[in-house]
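Worksheet for the structure shown next.
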Amino acid sequence: MDRIDLFRIFSRVVECSSFTRAADTLGVPRSSVSAAVQELEGRVGARLLHRTTRRVSPTQDGIAFYERCLRLIADVEEAESLFRQTATPSGRLRIDVPGRIGRLIIAPALPQFLDAYPEIGIDLGVTDRAVNLIEESVDCVLRVGPLADSGMIARSIGELPLINVASPAYLKRHGVPQSPQDLAIHSAVNYASPSSGRVEGWEWIEDGAQRSMPMRGRVTVNSAEAYIACCLAGLGLIQIPAYDVRSHLDAGELVEVMPGHRAEPMSMTLLYPHRQHLSRRLQVFADWLEGVLKAEVLRGTWVYAR
């Protein structure tokens, strides 16, 4: 087997922490993956992986070798693509994006991308769960909010502004809060993270610093759809991305409150595995997505940042 193929297989095993999952994502038998790793260990003269019945993890030598493999694979892919930059991008891309961003912004704009690149196909995952790019063979994901140290290549897309809103019925019953000091007598629809279950406090920027306080709330939800629906039903205040409730604001079904006390904007980042960073189709998709979000800035619903 070619050495660069051995490097690719070894890197995938490290990323998947499993021979079986690595084999599945590569589309080869598990025995081929195991044999490739054994051959590579024989070539380098060192044990690269710890193997147990439940998990595979790199040794200290394996960690150092994995980092070198990533650089070598990237160099080879760059060399192979030197004379293909002017070729028409082609192939399939597996993308995963947050639910409402996918439905309200990306999907409606997708025809223009497909028209511009007729040889690219898109598998669009629309979900709010944290997708494992390697194990699920996803080319890139759009993430909103702080990032964990994932070892992925990160491309900043911009910032997503949040606003405070309530229904007219709620405000008629409880009054309109003018500042965070008024929140003690108000209720919120609380939002629990689908992945961690953690309920975040009410946030705002004051004197350049982020402030937070817990809010009373009889209802807690774990999806954006339920969050907005409960707010429309008059169950409390919410903090929500502006694009998410634009139609409700235009229709008078929701009203912005405390515009001078918004939460800090949420960062948006496109993540993709190191081995994919030179893919021509991924490059053109990332550029297109950035353009779509810049268009939203002009409509006043996004804050764009380089």
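Each value in this text was obtained by applying a stated rule to the coordinates, not by laboratory testing. These figures come from a predicted structure and were not determined experimentally. Using ideal geometry, Cβ is built from the backbone for each residue, glycine included, and neighbour counts are taken over all protein chains shown.
Mind checking the full-extension length gain between residue 295 and residue 199? Use 0.36 nm per residue of separation minus the Cα-Cα distance, one decimal, nm.
Length gained, residue 295 through residue 199: 31.4 nm.
Residues whose amide H lies under 5 Å from that of residue 262, counting only those 5 or more places away or on a different chain, are 205; hydrogens are built 1.01 Å from N in the peptide plane. The value for the chain of Rg(Cα) / (2.2 N^0.38 Å) is 1.21. Here each label is just a point 7 Å from Cα along the line to Cβ, and for residue 47 and residue 212 those points are 4.3 nm apart. Relative to one another, the C-alpha centroids of segment 168-201 and segment 31-78 are positioned 50 Å apart.
For the pair residue 283 and residue 71, a Förster radius of 22 Å applied to the C-beta separation gives a FRET efficiency near 0.70, rounded to the nearest 0.05.
Tell me the net charge near residue 187. Cut-off is 11 Å between Cβ atoms, residue 187 excluded, with +1 for each Lys or Arg and -1 for each Asp or Glu.
Details: positive: 173, 216, 218; negative: none.
Summing Lys and Arg as +1 and Asp and Glu as -1 gives +3.
Taking every alpha-carbon pair under 8 Å whose residues sit at least 6 apart, the chain reaches a relative contact order of 21 percent. Look at the alpha carbon pairs under 8 Å that are at least 6 residues apart: their mean separation over the length of segment 3-80 gives a relative contact order of 31 percent.
Subtracting the Cα-Cα distance of residue 153 and residue 192 from 0.36 nm times their residue separation leaves 11.3 nm of extension gain. Along segment 18-28 the Karplus relation, 6.51 cos²θ - 1.76 cosθ + 1.60 evaluated at θ = phi - 60°, assigns HN-Hα couplings of 6, 5, 5, 5, 4, 4, 4, 6, 8, x, 10 Hz to successive residues, with x for each Gly and Pro. Largest first and in whole Å, the equivalent-ellipsoid semi-axes of segment 3-80 read 19, 15, 11, each the square root of five times a Cα gyration tensor eigenvalue. The residues 117, 227, when put in order of fewest to most other Cβ atoms within 10 Å, stand as 117, 227. If the segment from residue 54 to residue 137 were pulled out straight at 0.36 nm per residue, it would be longer than the present Cα-Cα gap by 27.8 nm. Scattering from segment 114-225 was approximated by placing one identical point on each alpha carbon and applying the Debye formula without solvent; log10 I(q)/I(0) at 0.10, 0.12, 0.15 1/Å stands at -0.48, -0.66, -0.90.
The phi-based Karplus calculation (6.51 cos²θ - 1.76 cosθ + 1.60; θ = phi - 60°) puts the 3J(HN,Hα) values of segment 55-70 at 7, 10, 9, x, 6, 4, 5, x, 4, 5, 5, 4, 4, 5, 4, 4 Hz, whole numbers, x for Gly and Pro.
Across 142, 48, 237, mean-square fluctuation computed from a Gaussian network of the chain (C-alpha pairs under 10 Å connected) peaks at 48.
Hey, got the dipole for the chain? About the Cα centre, +1 on K and R Cβ, -1 on D and E Cβ, debye to the nearest 20?
On the way: 34 positive and 36 negative charges, 121 e Å.
Computed charge dipole of the chain: roughly 580 debye.
Remark on segment 162-257: ratio of C-alpha radius of gyration to 2.2 N^0.38 Å is 1.02. Compute the acute angle (0 to 90°) between the alpha-carbon long axis of helix 30-44 and the principal axis of greatest extent of the alpha-carbon atoms of the chain; round to the nearest 10°. For helix 30-44, the angle is close to 70 degrees.
How large is the dipole of segment 162-257 about the Cα centre if only Lys and Arg carry +1 and Asp and Glu carry -1, each at its Cβ, rounded to the nearest 20 debye? List each step's numbers first, then the result.
Working: 7 positive and 10 negative charges, 75 e Å.
Taking the Cα centre of segment 162-257 as origin, the dipole is about 360 debye.
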